[in-house]
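Each remark here refers to the structure printed beneath this line.
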Amino acid sequence: MRLSESFTKPLRQPPKDADTVNHALLSQAGFVHQLMAGVYSYLPFGLRVLRKIETIVREEMDSIGGQELLMPVLHPKENWQKTGGWDSVDVLFKLKSRTDREYALGQSEEEIVTPLVMPHIESYKDLPAAVYQIHWKFRDELRSKSGILRGREFFMKDMYSFHADQEDFDRFYAESKQAYLKVYERLGLTAKVTEASGGNFTEKISYEFMILTDAGEDDILYCEQCDFCVNVEIAKEKQGNTCPRCKKGKLQQARASEVGNVFDLGQKYTKDFGLSFTDRQGKKEHPIMGCYGLGISRLMGVVVEKSHDDHGIIWPEAIAPFAVHLVALGDDKDVRKAADKLYADLDKAGTEVLYDDRDESAGVKFNDADLIGIPNRVTVSQKTIDQQSAELKRRDSKETELVGLKDIVKKLA
């Protein structure tokens, strides 16, 4: 993509109302645009990042047997009444049609997926089953804050599994936990798994995947010596206490952002909707159900909170909007010819390139490159082409190197 042809350009200043790093940098760099509190448009650069996170999540869910589908956002009131959610879920967006029928905008899909799978689960031979979707969700937050970390409209993956017994659910949860951790690892993040209350979903303990960040909404206690971690809200321990698991480390308290969760829903929803199966002994039983959420748009914001410097975003290669930011300096014809050829060669080799071919100063172009945060910056100038080279700089490094024009495509491929 040529930056001169992009309908969005980096802004000189972040929005005045930006109160978090992700809101400020994503808006200034041209990745998102805030329509109103908690609701954002994802611009071309931002959508590229969102799609790459989505692809990673999809690959890991497919690897543990999840099957993708797509469910409605508009839910009938009757489904939510069956589970008690219509009156108990305070963040549920409710609306009425011209025919006086009432609906909810989906903030989760238990009320939809359970009756959806009923015709397909009759015997123990049909279990386990796991289906997921990647779709928009809605929450009627009283105060939406933290940029795209906590929105009224957000993009997420939600998976639902059905099991013949608790043992099989526990097995699948362990596989799901590892798949989640692999997602975060591929994004360059380290997540801590905490125990927390199930909230509106269940009275059982749920598990949340937390990323340490000052922009988070939760307080957690964690041990630096082992993987013990717990949400402060239900913790018996306090900061400075000896870890109850390893008996060695001291518990530290930190702010964190939840980027995923898993709920053991038991038989609540399968009983509410009368979903049953015939077990090996020929008896009717209700499946054990699990819910697995992972915030994709939230992950995008968390990555920015964790990976930036004073100049802008530093995208991990796996989800960067482009692999290379090509900069042409000056208006010399030979420079432009060399840069144009390099752009064409990189594109032909399958390398994603953002080409800054604008008529701007070197300072503006370099500042914008740092702000946008693409992993590799390649600069073509009169100085470099005199040496039949281009300057290569990693976004996460101060070092530069000259690479021959004939070699740089292969080096970046």
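The values are calculated or read from the model by the stated rules, or taken from the named source; none is laboratory data. What you see is a predicted model, and the numbers here were worked out from it, not measured in a lab. Cβ atoms come from the backbone with ideal geometry, glycine included; neighbour counts cover every protein chain shown.
Every residue, every condition in (1) surrounded by 12 or more Cβ atoms within 10 Å (Cβ to Cβ); (2) of a type outside the set (A, V, I, L, M); (3) touching a residue at least 40 places away in the same chain (Cβ under 8 Å); (4) not in a strand (DSSP E or B), yes or no:
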residue	(1), (2), (3), (4)
HIS75	yes, yes, no, no
ASN79	yes, yes, no, yes
LYS82	yes, yes, yes, yes
VAL91	yes, no, yes, yes
THR99	no, yes, no, yes
TYR103	yes, yes, no, no
SER108	yes, yes, yes, yes
ILE112	yes, no, yes, yes
LEU116	yes, no, yes, yes
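Based on what the data block shows, is GLN239 surrounded by fewer than 20 Cβ atoms within 10 Å (Cβ to Cβ), polar (S, T, N, Q) and closer than 30 Å to LYS284 by Cα? Reasoning before the result, please.
Numbers: surrounded by fewer than 20 Cβ atoms within 10 Å (Cβ to Cβ): yes; polar (S, T, N, Q): yes; closer than 30 Å to LYS284 by Cα: no.
Answer is no for this residue.
What is the number of the single condition among (1) of a type in the set (Gly, Ala, Ser); (2) without any contact (Cβ under 8 Å) to a residue 12 or more places away in the chain; (3) buried (at least 20 other Cβ atoms within 10 Å of the Cβ) that SER41 does not meet?
Of (1) of a type in the set (Gly, Ala, Ser); (2) without any contact (Cβ under 8 Å) to a residue 12 or more places away in the chain; (3) buried (at least 20 other Cβ atoms within 10 Å of the Cβ), only one is false for SER41: (3).
Here are some conditions: (1) surrounded by 14 or more Cβ atoms within 10 Å (Cβ to Cβ); (2) within 19 Å of the chain's Cα centre (by Cα); (3) of a type in the set (Val, Ile, Thr). THR55 meets all but one. Which one does it not meet?
So the condition that THR55 fails would be (1).
Got a number for residues in the stretch 8-36 being assigned to a loop (DSSP other than H, G, I, E, B), closer than 15 Å to LEU149 by Cα and among the β-branched types (Val, Ile, Thr)? Steps first, please.
Kept after step one, since they are assigned to a loop (DSSP other than H, G, I, E, B), are these residues of the stretch 8-36: 8-20, 29-31.
Add one more test, that the residue is closer than 15 Å to LEU149 by Cα, and what stays is 18-20, 31.
With the extra rule that they be among the β-branched types (Val, Ile, Thr), the set shrinks to 20.
Going through the stretch 8-36 one residue at a time, the tally reaches 1.
So the check is Cβ under 8 Å with 6+ separation or different chains; which pairs have a first residue in the stretch 59-70 that's in a helix (DSSP H, G or I) and a second one that's among the β-branched types (Val, Ile, Thr) and surrounded by 13 or more Cβ atoms within 10 Å (Cβ to Cβ)?
Within 8 Å, the pairs are GLU60/VAL183.
Please verify whether the stretch 377-384 includes one or more residues that are over 28 Å from the mean Cα position of the chain (by Cα) and of a type in the set (A, V, I, L, M). Walk me through how you get there before you give the answer.
Within the stretch 377-384, the subset over 28 Å from the mean Cα position of the chain (by Cα) is 378-384.
Next, from what is left, pick out any that are of a type in the set (A, V, I, L, M): 378, 380.
Yes - at least one qualifying residue is present in the stretch 377-384.
Residues of the stretch 202-239 being in contact with a strand residue (DSSP E or B) (Cβ under 7 Å, 6 or more places away or on another chain), at pLDDT below 85 and either hydrophobic (A, V, I, L, M, F, W, C) or in a loop (DSSP other than H, G, I, E, B) (or both), which ones?
Within the stretch 202-239, THR202, LYS204, ILE205 meet the criteria.
Give the residues of the stretch 145-168 that are surrounded by 24 or more Cβ atoms within 10 Å (Cβ to Cβ) and in a helix (DSSP H, G or I), sorted by residue number.
Residues satisfying the conditions are GLY147, ILE148, LEU149.
Tell me, which helices (runs of 4 or more DSSP H) wholly within the stretch 308-413 include 1 or more residues that are small (Gly, Ala, Ser)?
Once the helices (runs of 4 or more DSSP H) in the stretch 308-413 are filtered for at least 1 residues that are small (Gly, Ala, Ser), what remains is 333-348, 362-372.
Please determine whether any residue of the stretch 323-334 is surrounded by fewer than 20 Cβ atoms within 10 Å (Cβ to Cβ), out of contact with any helix residue (DSSP H, G or I) (no Cβ under 8 Å at 6 or more places or on another chain) and not basic (Lys, Arg). Quick ask: steps written out before the conclusion?
The first filter runs over the stretch 323-334 and keeps only residues surrounded by fewer than 20 Cβ atoms within 10 Å (Cβ to Cβ), leaving 323, 330-334.
Keeping just the survivors that are out of contact with any helix residue (DSSP H, G or I) (no Cβ under 8 Å at 6 or more places or on another chain) gives 331, 333.
Now restrict to residues that are not basic (Lys, Arg): 331.
Looking for residues that are surrounded by fewer than 20 Cβ atoms within 10 Å (Cβ to Cβ), out of contact with any helix residue (DSSP H, G or I) (no Cβ under 8 Å at 6 or more places or on another chain) and not basic (Lys, Arg), one finds at least one in the stretch 323-334, hence yes.
For the subset of the stretch 385-409 comprising residues that are closer than 17 Å to ALA338 by Cα and under 31 Å from the mean Cα position of the chain (by Cα), which member is surrounded by the fewest Cβ atoms within 10 Å (Cβ to Cβ)? Steps first, please.
So in the stretch 385-409, the residues closer than 17 Å to ALA338 by Cα come out as 385-392, 402-409.
If we keep only those that are under 31 Å from the mean Cα position of the chain (by Cα) too, we end up with 392, 409.
Details: LEU392: 19, VAL409: 17.
Per the stated criteria, the residue is VAL409.
Return the only residue of LEU149, LEU142 being hydrophobic (A, V, I, L, M, F, W, C), more than 21 Å from the chain's Cα centre (by Cα) and at pLDDT below 95. Talk me through it step by step, then tell me what you get.
On the way: LEU149 fails: more than 21 Å from the chain's Cα centre (by Cα).
Matching residue, one of LEU149, LEU142: LEU142.
Which ones in the stretch 335-362 are among the aliphatic types (A, V, I, L, M) and in contact with a helix residue (DSSP H, G or I) (Cβ under 8 Å, 6 or more places away or on another chain)? Write out each step before concluding.
Of the residues in the stretch 335-362, the ones among the aliphatic types (A, V, I, L, M) are 335, 338-339, 342, 344, 346, 349, 353-354, 362.
Across the stretch 335-362, the qualifying residues are VAL335, ALA338, LEU342, LEU346, ALA349, VAL353, LEU354.
Among residues belonging to the stretch 261-294 that are of a type in the set (S, T, N, Q) and more than 17 Å from GLY66 (Cβ to Cβ), point out the one that is surrounded by the most Cβ atoms within 10 Å (Cβ to Cβ). Even if it seems obvious, please write down each step before you answer.
If we filter the stretch 261-294 for residues that are of a type in the set (S, T, N, Q), which is where we start, we get 261, 267, 270, 276, 278, 281.
Going one step further and asking which of them are more than 17 Å from GLY66 (Cβ to Cβ), we end up with 267, 270, 276, 278, 281.
Working: GLN267: 14, THR270: 23, SER276: 17, THR278: 14, GLN281: 7.
Checked the stretch 261-294; the qualifying residue surrounded by the most Cβ atoms within 10 Å (Cβ to Cβ) is THR270.
Mind checking which residues of the stretch 255-273 are over 26 Å from GLY151 (Cβ atoms) and touching a residue at least 60 places away in the same chain (Cβ under 8 Å)? Please lay out each step first, then the result.
First, the residues of the stretch 255-273 that are over 26 Å from GLY151 (Cβ atoms): 264, 266-268, 270-273.
Those that are over 26 Å from GLY151 (Cβ atoms) and touching a residue at least 60 places away in the same chain (Cβ under 8 Å): ASP264, GLY266, LYS268, THR270, ASP272, PHE273.
Checking ARG2 against (1) surrounded by fewer than 16 Cβ atoms within 10 Å (Cβ to Cβ); (2) touching a strand residue (DSSP E or B) at 6+ places or on another chain (Cβ under 7 Å); (3) in the same structural domain as GLY260 (by TED's automatic domain parsing): exactly one of these is not met. Which one?
So ARG2 meets the others, but not (3).
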